[in-house]
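Take a look at the structure below.
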């Protein structure tokens, strides 16, 4: 959000959630949300390359009270976050087919989840 917009919202608290890329940002958002009542017990993973699977999966994420992580080939952000919260993880979901989240990424996430 541009500083010019932030300055107009003086009565609001603005919290910037970010990471080095969109996958890391999804971890920051998930961590923020889990600290405020959502849970690492249900982790949903979707492509960080395009938005449709993550967007259409959001109602299910909300229904389960879980968190949504974005992934892409070459990014370890989702797997690292799942590893860090492995003791809480009970259900993992991959949103989209192999064209969205590669079988290699899915297998790595599955291995991380245990």
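The values are calculated or read from the model by the stated rules, or taken from the named source; none is laboratory data. Model, not experiment: these values are computed from the prediction. FYI the Cβ positions are ideal-geometry reconstructions off the backbone, even for glycines, and counts take in every protein chain you see.
Regarding region 100-113, can at least one residue be identified that is assigned to a strand (DSSP E or B), over 15 Å from residue 33 (Cβ atoms) and touching a helix residue (DSSP H, G or I) at 6+ places or on another chain (Cβ under 7 Å)? No, because not a single residue in region 100-113 is assigned to a strand (DSSP E or B), over 15 Å from residue 33 (Cβ atoms) and touching a helix residue (DSSP H, G or I) at 6+ places or on another chain (Cβ under 7 Å). Take the residues in region 26-51 that are touching a residue at least 12 places away in the same chain (Cβ under 8 Å) and in a helix (DSSP H, G or I); name whichever of them is surrounded by the fewest Cβ atoms within 10 Å (Cβ to Cβ). That would be 32. Whether any residue in region 8-24 is touching a helix residue (DSSP H, G or I) at 6+ places or on another chain (Cβ under 9 Å), part of a loop (DSSP other than H, G, I, E, B), farther than 16 Å from residue 75 by Cβ and at pLDDT 95 or above is what I want to check. Yes - at least one qualifying residue is present in region 8-24. Within region 53-83, the residues that satisfy the criterion of being farther than 19 Å from residue 19 by Cα, touching a residue at least 12 places away in the same chain (Cβ under 8 Å) and surrounded by fewer than 18 Cβ atoms within 10 Å (Cβ to Cβ) are 56, 60, 64, 65.
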